[in-house]
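Only one structure is covered here, and it is reproduced in the block below.
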Amino acid sequence: MSFVDWALAVHVLSAFAYVAGLVLFWVLIVAVRRVDTPEETLRMEPIVKVGNVAVGLGAVGTIVIGIYLAFAVDSYAIWDGWIIAALVLWAVSGALGQRTGAAYMEGMNKAKEPDAAGKTGPDQELLALNRTQTGVILHALTSLAVLLILIDMIFKPGA
Amino acid sequence: MTIVAAVRPDSWDFPLLVHVLGAMILVGGLLAGASSLAYARGDVKYLRLGYWSLLAVALPGWLVMRIGAEWIASREGWNHEGVPTPTWLNIGFILADVGGLILLVSLIAGGIGVRRLRAGQGATLLRTTLVLSVVLLGAYVVAIWAMAGKPS
């Protein structure tokens, strides 16, 4: 395997990490809709961290190695339409993902307040925050952007 | 993907998309399942979440990945009789099929484990499911590396 082959393998592995993180967050989004206690909300924190690591490594790996590949492979150039589209979609997905995280952190932060005061019973306000519609919409848009990147990477329109 | 596309006819694109998307969902389901089981610390709700992630996300992902694999292999002519298959494809097929079997075993163990939880019994079988899903994650990392890097 040449260096470029290795780079390609890590690029694809990064893409898998990115999508795996998004899938994990979908699972949590569905699960958190039934969570109305601070204790249970906070229990999700380590799982959220796993998702954050996957998305973080995936996002950095895809962009860094993707740009390297655009320069290293003779048949493609960084200004090719499909590569520019992927870069734009990557930036869009990153921005949307950050907003999604912020929307769901409201519930997590709220959970930390009463938990610290020793109140661990059901909390309707917390349930409402955990069921954030904004968060669902933002995560759906993030997923759509990433799906479009995948379609763009495979179909390479204009290449 | 960059190099592959240089020699790939357009008609292979959609089957490849199905294959890759299924594989990504499979890995995502495994990651969600393994994480939930690992961090459940005896909490029945999270043990169930881990099991259902494997059943409702990873298993459909595996099916889509495997259907896509057969589709793209037939388009590329790899599954015609007498055609020698490259190493990377053999690695992919072996890990996909053996992985599918392990996933099935982990789901059966997990299913019994969830039933035992309802009866107030221990979570030993779900711990087995956790170990198997971590093993599967490792195996699929190798499969992805082989399919993407295509070692000869």
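Does A:Val19 fit the bill of being more than 7 Å from chain B (Cβ to nearest Cβ), within 20 Å of the chain's Cα centre (by Cα) and modelled with pLDDT of 90 or more?
No.
Does any residue of the stretch A:125-137 turn out to be within 14 Å of chain B (Cβ to nearest Cβ) and in contact with a Lys or Arg (Cβ under 8 Å, 6 or more places away or on another chain)?
yes
Here A:Pro38 fulfils each of the conditions (1) buried (at least 20 other Cβ atoms within 10 Å of the Cβ); (2) facing another protein chain (nearest Cβ under 9 Å); (3) closer than 29 Å to A:Pro122 by Cα apart from (2).
Per the conditions (1) within 17 Å of A:Ala31 (Cβ to Cβ); (2) among the aliphatic types (A, V, I, L, M); (3) touching a residue at least 24 places away in the same chain (Cβ under 8 Å), the sole criterion not satisfied by A:Ile65 is (1). Of all residues in the stretch A:56-73 being of a type outside the set (A, V, I, L, M) and more than 9 Å from chain B (Cβ to nearest Cβ), which is surrounded by the fewest Cβ atoms within 10 Å (Cβ to Cβ)? Among those that are of a type outside the set (A, V, I, L, M) and more than 9 Å from chain B (Cβ to nearest Cβ), it is A:Phe71. Can we say A:Trp90 is at pLDDT below 95 and within 27 Å of A:Ser2 (Cβ to Cβ)? No; evaluated as a whole, the condition is false for this residue. The set of residues from the stretch A:17-33 being under 16 Å from B:Ala23 (Cβ atoms) and among the aromatic types (Phe, Trp, Tyr) comprises just one member, A:Tyr18. Just one of (1) under 18 Å from A:Asn109 (Cα atoms); (2) crowded, with 23+ Cβ neighbours inside 10 Å; (3) facing chain B (nearest Cβ under 8 Å) fails for A:Pro46. It is (2). The helices (runs of 4 or more DSSP H) located wholly in the stretch A:14-122 that include 3 or more residues which are among the polar types (S, T, N, Q) occupy A:81-116.
If you go through the stretch B:24-44 and pick out every residue that is more than 7 Å from every other protein chain (Cβ to nearest Cβ) and either part of a helix (DSSP H, G or I) or modelled with pLDDT of 95 or more (or both), you end up with 7. If you go through the stretch B:26-39 and keep only what is aliphatic (A, V, I, L, M) and either touching a residue at least 40 places away in the same chain (Cβ under 8 Å) or touching a strand residue (DSSP E or B) at 6+ places or on another chain (Cβ under 7 Å) (or both), you end up with B:Leu26, B:Val27, B:Leu30, B:Leu31, B:Ala34, B:Leu37, B:Ala38.
The values are calculated or read from the model by the stated rules, or taken from the named source; none is laboratory data. Everything numeric here is computed off the predicted structure, so don't read it as measured data. Neighbour counts run over all protein chains shown; Cβ positions are idealised from the backbone, glycine included.
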